[in-house]
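Asks: The structure under discussion is supplied below as structure tokens; questions concerning it will follow.
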Amino acid sequence: MTNRTDGPVTVTDYVANSIRERILSGQYVAGARLDQQSLIEDLGASLIPVRESLRQLEAEGFVRIYPHRGAFVAELSNIELQEIYFVREILEEAATQLAVPKLSTRKLDELGALVEKMDPSTAAQDFAQLLDLNRKFHFAIYEACENALLLQMINSLWDRSRRYRQLYTYLPERAPQALAEHREIYAACRAGDSAAAGAAVRNNVRQTTVGILAKVQGKNK
């Protein structure tokens, strides 16, 4: 996971990053209580940075803090899933449209190479590799938008949606469709068509939402 600070990492940053990564990795499951004393002992930090980090993670949507009860890992919900991906559609389409005119030949070649790597990973149903390639592909585009705030917001939303992707995105039926969508995005980028590339990215995000929701609803039946 990328460092979320531009300067030196503070104790609060370290604690927040550690707790966030444990939530994302599934070490701290949804609904689990985050005992402050245990966090102090596990992370070697004092009470103040632990409390500050929990408040920060609450603002990011990873933690819920209840008076007289403490802090808990935020539960997953279909509503949150749809809200996250709706905002991602808008922001990632905008980032793509800004980025396409700035993509160098070297960057375009990098995107093409990533798409080619997705092909054997799709055939092998290597979903962990596909998740890694997917992130590299998208952020290779978004980073070219040269808008730090936009990139920061997208990165934060990717972290929040990672909890859903890890639980529900190991979908054999989704992988070939996603590969075709990435090829469409790449072709539009290579052609320098900002509008088409943005629309293709938006569709890719939307179809991911559809796939995850279908999986969630199937598990809940």
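The values are calculated or read from the model by the stated rules, or taken from the named source; none is laboratory data. Please read all numbers here as calculations on a predicted model, not as lab measurements. Glycine also receives a Cβ, built like all others from the backbone with ideal geometry; neighbour counts cover every protein chain displayed. Areas reflect the complete protein model, heavy atoms only, side chains present, ligands, DNA and RNA absent. Shrake-Rupley method; radii C 1.70, N 1.55, O 1.52, S 1.80 Å.
Asks: At a Cα cut-off below 19 Å, give the aspartates and glutamates reachable from LYS117, other chains included and same-chain residues fewer than 8 away excluded.
Replies: ASP109, ASP126, ASP132, GLU173, GLU181, GLU184
Asks: Right, something else. Using 1/(1 + (r/R0)^6) with R0 = 30 angstrom and r between the beta carbons of ARG206 and GLN129, what's the FRET efficiency to the nearest 0.05?
Replies: Result of the calculation: an efficiency of 0.80.
Asks: According to a simple spin-label model (label point 7 Å from Cα along Cα-to-Cβ), what is the distance in nm between SER156 and LEU76?
Replies: 2.2
Asks: Right, something else. Once you charge only the Cβ atoms, +1 for Lys and Arg and -1 for Asp and Glu, what is the size of the charge dipole of segment 115-214 about its Cα centre, to the nearest 20 debye? Don't skip to the end; give the middle numbers.
Replies: Numbers: 12 positive and 11 negative charges, 64 e Å.
Value, rounded to 20: 300 debye.
Asks: Based on the Cα gyration tensor of segment 111-221, what are the three equivalent ellipsoid semi-axes, each the root of five times an eigenvalue, rounded to whole Å and given largest first?
Replies: Semi-axes, largest first: 23, 17, 13 Å.
Asks: Starting from the Cα of ALA191, step 7 Å toward the Cβ, then list every residue of segment 133-147 with an amide N under 20 Å from that point.
Replies: Under 20 Å, as judged by backbone N against the label point of ALA191, lie 138, 141-142 of segment 133-147.
Asks: Full extension from GLN37 to SER18: what is 0.36 nm times the residue separation minus their Cα-Cα distance, to one decimal in nm?
Replies: Length gained between GLN37 and SER18: 5.3 nm.
Asks: Restricting attention to the alpha-carbon atoms of the chain, what are Rg (one decimal) and Dmax (integer), both in Å?
Replies: Reported Rg and Dmax, both Å: 18.7, 58.
Asks: Given labels modelled 7 Å from the Cα in the Cβ direction, how far is it in nm from ARG69 to LYS107?
Replies: 4.6
Asks: Starting from the Cα of LYS107, draw a straight line to each of the aspartates and glutamates and keep only those under 15 Å, dropping any in the same chain fewer than 8 residues away.
Replies: Those aspartates and glutamates meeting the cut-off are GLU116, GLU143, GLU146.
Asks: Straight-line reach from LYS136: which aspartates and glutamates fall under 12 Å, measuring Cα to Cα and dropping same-chain residues less than 8 apart?
Replies: Filter leaves GLU110.
Asks: Can you send over the carbon and sulfur percentage of the accessible area for segment 6-80, probe radius 1.4 Å, protein chains only?
Replies: Heavy-atom surface of segment 6-80 belonging to carbon and sulfur, 1.4 Å probe: 53 percent.
Asks: Here is a follow-up. Given a 1.4 Å probe, how much area per residue of the chain is accessible, in Å²?
Replies: Roughly 51 Å² per residue, with all protein chains present.
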